[in-house]
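A quick write-up on the structure given underneath.
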Amino acid sequence: MLLSFCITCMNRYNQLKKTLPENLKYNKRGIDDIEFILVDFITDDTNGIENYIKTNFKSELESGYLKYYQTDELRYWHSSVAKNTSHILASGKYVVNLDCDNFVGLNGYLYLLNKFNEYGNNTIIHQSSNKFKSGTMGRISMSKENFIKLGGYDEQLQPMAWQDGDIIERGKLLGLQYENCSDCRYNRAIRNEKSSSVINCYTKPNYKNMIQVNKVIVNYKLYNKMIIANNHFKNRKIGVVVKKII
């Protein structure tokens, strides 16, 4: 397996219905080399994702092109924990964070593979459009080997904000090359207001407050060259336990 698109979702059924069918359809040329991993973080608010997936993507599930997992161990949204969970499940050489409101684009998998062929394995490819509120900041790809070396996304951070910039900067300290690839054909997203993005966090905290707290944590760790995240956890794997749904 060459490439794993890692998708996380908590109560975002309406957005997933728009992005997932297109992403699967437009990248079937690479079905032997890529996989889409969807982790559904279920809550008491049942949203119908399981039935939707089983009804509409039977062949994709059977072939392994789409892999669907569920877990109720993350009761409230935490970006780093969620992303780590999906990335650890990946079997691809390269892991791609794909927020559930993001579109890959026509043959977007091939675009990424060509970029890794061009720049090499020790590269972070960031598909951000560099536009405020574009929803593409999280489109980060790297080899799974380097993702593991970095310890994944930092789970010590507040639920949202800075986790993407943090893993990029730690990657640079590790010696990885950073490439920003802003081709809008491959990095479209459904726009969300931050008030809706934080709605599943445990205390409905103010996003600006999370930015401020995480900025302090990230800058402290980067200043002290703390490259590996989550090594403060003893005998604990990153992410949470899931079950695969056939």
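The values are calculated or read from the model by the stated rules, or taken from the named source; none is laboratory data. If you're wondering where the values come from, they're calculated on a predicted model, not measured in any experiment. Here the Cβ positions follow ideal geometry from the backbone for every residue, glycine too, while neighbour counts run over all protein chains shown.
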Exercise. Would you check if Asn122 is under 15 Å from Ile227 (Cβ atoms) and in contact with a strand residue (DSSP E or B) (Cβ under 9 Å, 6 or more places away or on another chain)?
Key: yes
Practice problem: Output the number of the condition that Tyr69 fails; it satisfies all remaining conditions of (1) surrounded by fewer than 16 Cβ atoms within 10 Å (Cβ to Cβ); (2) at pLDDT 95 or above. | Solution: (1)
Self-check item: Residues that are part of a helix (DSSP H, G or I), loosely packed, with under 13 Cβ neighbours inside 10 Å and either of a type in the set (A, V, I, L, M) or in contact with a helix residue (DSSP H, G or I) (Cβ under 9 Å, 6 or more places away or on another chain) (or both), drawn from segment 174-194
Solution: Arg185
Practice problem: Please find, within segment 1-17, the residue that is surrounded by the most Cβ atoms within 10 Å (Cβ to Cβ) out of those that are more than 18 Å from Ser63 (Cβ to Cβ) and over 17 Å from the mean Cα position of the chain (by Cα). | Solution: Lys17
Quiz item: Given Leu24, Leu110, Leu74, Leu38, which one is hydrophobic (A, V, I, L, M, F, W, C), in a helix (DSSP H, G or I) and surrounded by 18 or more Cβ atoms within 10 Å (Cβ to Cβ)?
Solution: Leu24
Practice problem: Kindly indicate the residue of segment 77-98 that is at pLDDT 95 or above and in a loop (DSSP other than H, G, I, E, B) and also nearest to Phe41 (Cα to Cα) among those meeting that condition. | Solution: Leu98
Practice problem: Any chance you could count how many residues in segment 1-21 are within 30 Å of Glu145 (Cα to Cα), touching a strand residue (DSSP E or B) at 6+ places or on another chain (Cβ under 9 Å) and assigned to a helix (DSSP H, G or I)? | Solution: 3
